[in-house]
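Structure first, commentary second.
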Amino acid sequence: MNLQFFEIISIVGIAQGFFLSGLLIFKKKNKTANYLLSTLVALVSLILSYNLFVRTGLLAEEYSLLVFVNTVVFLFPALHILYALFLLAPAQRFTIRHLFHFIPFVSINLLCIPIYLKNETALSVFNTISNLNINNLASSIYSMVVMIFVLQLLKSHTQKIKMSFSSIERINLNWLKIITSVIIVFDVLFILLLYIPQFFNFDPTIPNLILIFLMVLLIFITAIFGFRQPEIFQTFLPPSEPVKYKTSGLSETKALEIENKLVEFLNKEKPYLNENLNIDELSGHLNVTPAYLSQVLNERLGVNFYTLINTCRIEEAKRLIGSSEYSNIKLEAIAYEVGFKSKSTFNAAFKKITDMTPSQFRAGIQY
């Protein structure tokens, strides 16, 4: 059998999909999240397998199975959002409310029961729906709505971890934000490709070929990053909205006392040089609760924990860069010395705070 590029890509995607799905099952941390991601990757691999077998003639196309395969795509957004939810809160348990995400998939299959029973009228309706690409349109729109909601969850997560952590590179889930955004773009692209062939003269199978290529690509990227994702720490996460502090019992006098202790401790002890510093640790040094410290940062200093600590790090970096003793020291080494975990994060923070890069800052210094 002469396999075309399409079949080769499918085989590669299927093989890597099942392999990565198996790896995710045996990952010890974030078990529920990884089980969900493993299921998602395995389902995509099964869909690819079905399309490959039908295309190569190894499997006869049967209506009932074809209909069910078309409904499985409604599981992808449900599993995606559940994966995000359990990644953000790994300590939670799977409950009945989580099953609500599967309502679209169940509803579609209930509507398809007459087709599964091979009712002639239902089969005729299914053919009409298939010709109009209504199922693909509905699944793509549903996927976009869910992905937008996931992006909102991830945005809220970023805001919260910045209130508790000084280094967020490995827990900010930027990779999931990117993949979720890419899925939205793919959904829009796929909708366009569904209907463009009706207005322009080109092969109507092109959308399917593009979709399969994108599915293979997403399988690999999602599974790899999902496997590498560390557990999101369950430390103190204050409310995202400062308005919720109105119920706090922190007095003005106590808040001022905490602020003074914080400033003194930061200047004398320089705890921000610890790359893993978090609000629990800092509040312990100050002998105050994380909630009170977070409230002081937000209401009195107007910053979150992440911004405060990284501003201190940048000020220390500026001091070191301006010192003749560090004139020959690489900027990357200085970044690590002041508490940053990567050069890219250091450069981004330096640029945001000073409106110039570390190199530009050094270039303007007269040693």
Report task. Residue by residue through the stretch 104-117, note down the ones that are in a helix (DSSP H, G or I) and in contact (Cβ under 8 Å) with a residue 12 or more places away in the chain. Result -> 104, 105, 108, 109, 115, 116
Report task. For the stretch 13-32, enumerate the residues that are on the phi < 0 side of the Ramachandran plot, buried (at least 17 other Cβ atoms within 10 Å of the Cβ) and in contact (Cβ under 8 Å) with a residue 60 or more places away in the chain. Result -> 13, 16, 17, 20, 21, 24, 27, 32
Query - Number of the exception - residue 165 against (1) out of contact with any strand residue (DSSP E or B) (no Cβ under 6 Å at 6 or more places or on another chain); (2) open to solvent by less than 70 Å² (accessible area, probe 1.4 Å); (3) not β-branched (Val, Ile, Thr) - result: (1)
Query - Residue that is in contact (Cβ under 8 Å) with a residue 12 or more places away in the chain, crowded, with 18+ Cβ neighbours inside 10 Å, aromatic (Phe, Trp, Tyr) and in contact with a Pro (Cβ under 6 Å, 6 or more places away or on another chain), where the choices are 126, 86, 74 - result: 74
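Okay, residues lined up against (1) without any contact (Cβ under 8 Å) to a residue 24 or more places away in the chain; (2) part of a helix (DSSP H, G or I):
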{"position": "281", "(1), (2)": "yes, yes"}
{"position": "284", "(1), (2)": "yes, yes"}
{"position": "297", "(1), (2)": "no, yes"}
{"position": "312", "(1), (2)": "no, yes"}
{"position": "315", "(1), (2)": "yes, yes"}
{"position": "329", "(1), (2)": "yes, no"}
Report summary line: Counting only residues that are touching a residue at least 40 places away in the same chain (Cβ under 8 Å), under 24 Å from residue 15 (Cβ atoms) and not basic (Lys, Arg), the stretch 52-69 contains a total of 3
Report task. Look through 353, 329, 334, 279 and report the one residue that is open to solvent by 60 Å² or more (accessible area, probe 1.4 Å), of a type in the set (A, V, I, L, M, F, W, C) and closer than 19 Å to residue 167 by Cα. Result -> 353
Query - Among the residues listed as 49, 45, 10, the single one being buried (at least 20 other Cβ atoms within 10 Å of the Cβ) and either closer than 27 Å to residue 106 by Cα or without any contact (Cβ under 8 Å) to a residue 60 or more places away in the chain (or both) - result: 45
Report summary line: Residues in the stretch 18-39 that are within 15 Å of residue 89 (Cβ to Cβ) and among the basic types (Lys, Arg) total 2
**Report entry** Residues located in the stretch 356-367, provided they are open to solvent by 60 Å² or more (accessible area, probe 1.4 Å) and either under 16 Å from residue 275 (Cα atoms) or not in a helix (DSSP H, G or I) (or both)
**Finding:** 356, 364, 366, 367
**Report entry** helices (runs of 4 or more DSSP H) lying entirely in the stretch 35-103 (those with 2 or more residues that are at pLDDT 85 or above and more than 26 Å from the chain's Cα centre (by Cα))
**Finding:** 63-72
Query raised in the report: Quick one: how many residues across the stretch 1-25 are of a type in the set (A, V, I, L, M, F, W, C) and modelled with pLDDT of 85 or more?
Result: 9
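The values are calculated or read from the model by the stated rules, or taken from the named source; none is laboratory data. No experiment lies behind these values; they were computed from the predicted model shown. Using ideal geometry, Cβ is built from the backbone for each residue, glycine included, and neighbour counts are taken over all protein chains shown. Please note that ligands, DNA and RNA were not included when accessible areas were found on the heavy atoms of the full protein model with its side chains. Shrake-Rupley method; radii C 1.70, N 1.55, O 1.52, S 1.80 Å.
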